[in-house]
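Let me begin by presenting the structure, written as structure tokens, before commenting on it.
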Amino acid sequence: MLEYILAKYNFWIYVVLMMIGLYAMMGKRNLVKKLIGMNIFQTSIILFFVSIGVKKGGATVPIIMGDGHGHGQHLIQAADYLNPLPHVLMLTAIVVSIATTGVALATLILIYKRYHTLEEDEIMAIRKEASSYKTLG
Amino acid sequence: MSEQFPALIIVVPLLGAFLTPIIGWRYRQLCRPWALMILAIPLCASCETLLEVVRTGPFSYNLGGWAPPWGIEYRVDYLSGLMLVLIAAIGLLAAFNAKPGITMDIRGKESQFYTLLLLQITGLLGIVITGDLFNVFVFLEISSLSGYGLIAHGEDGAPMATFNYIIIGTIGASFYLLGVGYLYMATGSLNIADLAAILPNLYHSKVILVGFAFFTTGVAIKMGLFPLHVWMPDAYTTAPGPVSTLIAPLMTKVAAYILIRIMFTLFQPEFSISVVPVATILGWMAVVAIIIGGIKALAQTDIKRMVTYIMIAEVGYIVMGISVMNRPGLTGAILHIVNDACMIFCLFLVIGAISYKGHGREIYHFQHLNKKMPFTMAAFVIVALSMCGIPPACGFFSKWYLIMGTIMAKQWIFSITLLGSSLVNGVLFFRIIEKAYLAPPEDGAHDHDPEEEDIVRDEAPASMLIPILITAAIIIILGPLSGKIIAAVIQHAVPAAF
């Protein structure tokens, strides 16, 4: 059992991180904690992608050494290098995740300006009160 | 020139979006003509591309000249050509309609609004045109992020609704991204056509199954399929008028497009039938979505919120058409994507015009509205008839195909749900029409309001009325034309296996 877990430890790490993130998003009542949960969630996926580019057996970063005049090594073994494509995809995903965090933080500022709190329960209470005033006239 | 159209469709609104704040910085009133001009280009280009597809068949465009499995490929086929025209047309009309709504809801933020609008349209067009799985994710997030920004400007509950939408929408997009990762792990490719060739040998691999599950869940969240719809009513109800007009008809339909792509282009139809029972599960989820959407819509008195619940039911229609897995069903689903986008768009346009004129959104505010806003209410009646499935309007034809599909699949409960839902739509809309047209004149001595005595005509401004009338006309014209659209476009979009 332990070997089974250790053999695929990168997947276990990503699943555990993802569940922590999901729990924070669903279970926490503070909006900033929800946002942090969202970040953990996104990071877990980034780690997952990065880990699937790794190869066993001494593969290294994909920098092809040449003589500086466009004449590189003639025989390039793909097995010698890590797969760079998932990493490149994650550069885009990181940008997306930062943009999402930025928009979410801006929204939190809007919420704070309006309700002066970031606790979901308190906001709900304030909104309920406001709507009951509205219906009473 | 015309072979560059697929790239221009994306590049023009994207660059236009970046230039909008610069223009709006000094000359705020120039933003609107600028955005209209920018949006007219993708509309012309996508019409031309659709005609090209109809003439000569699907074609692809290699971005930057890189060949498909490595480079990003833009692929225009019958389905994506149709969606491109739909998105570009609705985008242009929504931008045209936005001016009075902006002055009412988000005054002074013209440049921000038009920037995000152009980004939103870029994202939606990009999802439809690209032939690369990861590129779909990027465009999905472009459109979602601009959508969050737009919705947050709305009325009282909007920031809270936006935050919930961000959290749930990010989960959806992340699930989609995980699906991409699992497929990449098993195949080493991201190109949809390439994957479609590799995948059939791997259908029983667990990695592929998990990837497919993540795809479906992620897209269902973006689509607002019941029980993943919780973000939708709040977000679309509280958004500013012009914003919900833009986002509501398009976002769910484009997500439905991704689902069709994944189930029928990326995977072969028999995978979704025999390997995993996803079609059956989706079908029953659609039944529940239609029933719950109808019941919830009946419970609403705010018409904007009512329409969002109708949208949940309409998403159920489309998913049901996909899930029955036969030719009439899928034809109906694709036709309903087009028709429903037009109908929901027209409904939100009407709601925007009514609230701009200072009338409330509650049903009792509709009293005598036919005398105050005759053209707007006429368009409303046309949409209502179309929603209930009265023949000359387009809603009848897509529902006809959907019901044919469920009968062919011998799913009688699905057929009954569709028919019952039409009746529910009838009740929903006729209670409003009755209030507007058939309410008795108030002749009692009490409640005597001098304003009510002779009701002055007070129609919406031309920039709102023109899109409303165009859309209403389209709804009527699409009906008789639907046979032609199916013959020219949709029948080729349905996979040959059916």
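The values are calculated or read from the model by the stated rules, or taken from the named source; none is laboratory data. Just so we're clear, the structure is a prediction, and the values are computed from it rather than from any experiment. Using ideal geometry, Cβ is built from the backbone for each residue, glycine included, and neighbour counts are taken over all protein chains shown. Just so you know, the surface numbers come from the protein's heavy atoms only, side chains and all, with ligands and any DNA or RNA stripped out. Shrake-Rupley method; radii C 1.70, N 1.55, O 1.52, S 1.80 Å.
The number of residues in segment A:94-115 that are more than 8 Å from chain B (Cβ to nearest Cβ), open to solvent by 30 Å² or more (accessible area, probe 1.4 Å), of a type outside the set (Val, Ile, Thr) and under 18 Å from the mean Cα position of the chain (by Cα) comes to 2. Right, B:Thr49: surrounded by fewer than 18 Cβ atoms within 10 Å (Cβ to Cβ) and of a type in the set (Val, Ile, Thr) or not? Against the criterion (surrounded by fewer than 18 Cβ atoms within 10 Å (Cβ to Cβ) and of a type in the set (Val, Ile, Thr)), B:Thr49 does not qualify. The single condition among (1) closer than 22 Å to B:Ile432 by Cα; (2) open to solvent by 10 Å² or more (accessible area, probe 1.4 Å); (3) of a type in the set (A, V, I, L, M, F, W, C); (4) part of a helix (DSSP H, G or I) that B:Phe345 does not meet is (2). Only a single item in (1) closer than 22 Å to B:Ser244 by Cα; (2) of a type in the set (S, T, N, Q); (3) free of Cβ contacts under 8 Å to residues at least 40 places away in the same chain is not met by B:Ser274, and it is number (1).
So, B:Thr115, is that one open to solvent by 10 Å² or more (accessible area, probe 1.4 Å), away from chain A (no Cβ under 11 Å), among the hydroxyl-bearing types (Ser, Thr, Tyr) and assigned to a helix (DSSP H, G or I) or not? For B:Thr115, the condition - open to solvent by 10 Å² or more (accessible area, probe 1.4 Å), away from chain A (no Cβ under 11 Å), among the hydroxyl-bearing types (Ser, Thr, Tyr) and assigned to a helix (DSSP H, G or I) - is met.
Looking at the structure I just gave you, is B:Tyr148 over 22 Å from B:Asn339 (Cβ atoms), within 14 Å of chain A (Cβ to nearest Cβ), in a helix (DSSP H, G or I) and of a type in the set (Ser, Thr, Tyr)?
Working: over 22 Å from B:Asn339 (Cβ atoms): yes; within 14 Å of chain A (Cβ to nearest Cβ): yes; in a helix (DSSP H, G or I): yes; of a type in the set (Ser, Thr, Tyr): yes.
The answer is yes for B:Tyr148.
The residue of segment B:478-498 that is most open to solvent (accessible area, probe 1.4 Å), among those that are touching a helix residue (DSSP H, G or I) at 6+ places or on another chain (Cβ under 8 Å) and under 17 Å from B:Leu385 (Cβ atoms), is B:Leu478. Is it the case that B:Ala220 is closer than 20 Å to B:Leu140 by Cβ and open to solvent by 10 Å² or more (accessible area, probe 1.4 Å)? No.
Only one of B:Ala40, B:Ala35 is crowded, with 19+ Cβ neighbours inside 10 Å and touching a helix residue (DSSP H, G or I) at 6+ places or on another chain (Cβ under 7 Å). Can you tell me which?
Values: B:Ala40 fails: crowded, with 19+ Cβ neighbours inside 10 Å.
The conditions single out B:Ala35.
The residues in segment B:154-182 that are more than 9 Å from chain A (Cβ to nearest Cβ), in contact (Cβ under 8 Å) with a residue 60 or more places away in the chain and over 21 Å from the mean Cα position of the chain (by Cα) can be counted, and the count is 1. On the given criteria, is B:Phe163 of a type in the set (Phe, Trp, Tyr) and open to solvent by less than 10 Å² (accessible area, probe 1.4 Å)? For B:Phe163, the condition - of a type in the set (Phe, Trp, Tyr) and open to solvent by less than 10 Å² (accessible area, probe 1.4 Å) - is met.
Could you tell me whether any residue of segment B:249-265 is in contact (Cβ under 8 Å) with a residue 24 or more places away in the chain, open to solvent by 40 Å² or more (accessible area, probe 1.4 Å) and farther than 21 Å from B:Gly126 by Cα? Before the answer, list the steps.
Our first condition is that a residue be in contact (Cβ under 8 Å) with a residue 24 or more places away in the chain; within segment B:249-265, this holds for B:249-265.
Subsequent filtering for residues that are open to solvent by 40 Å² or more (accessible area, probe 1.4 Å) retains B:265.
The next check asks that each one be farther than 21 Å from B:Gly126 by Cα; those that pass are none.
The answer is no, given that none of the residues of segment B:249-265 is in contact (Cβ under 8 Å) with a residue 24 or more places away in the chain, open to solvent by 40 Å² or more (accessible area, probe 1.4 Å) and farther than 21 Å from B:Gly126 by Cα.
The residues listed here are A:Leu91, A:Leu82, A:Leu118; of these, the one that is more than 9 Å from chain B (Cβ to nearest Cβ) and buried (at least 17 other Cβ atoms within 10 Å of the Cβ) is A:Leu118. One residue alone among A:Gly58, A:Gly53 is within 27 Å of A:Val88 (Cβ to Cβ), within 12 Å of chain B (Cβ to nearest Cβ) and not charged (D, E, K, R), and that residue is A:Gly53.
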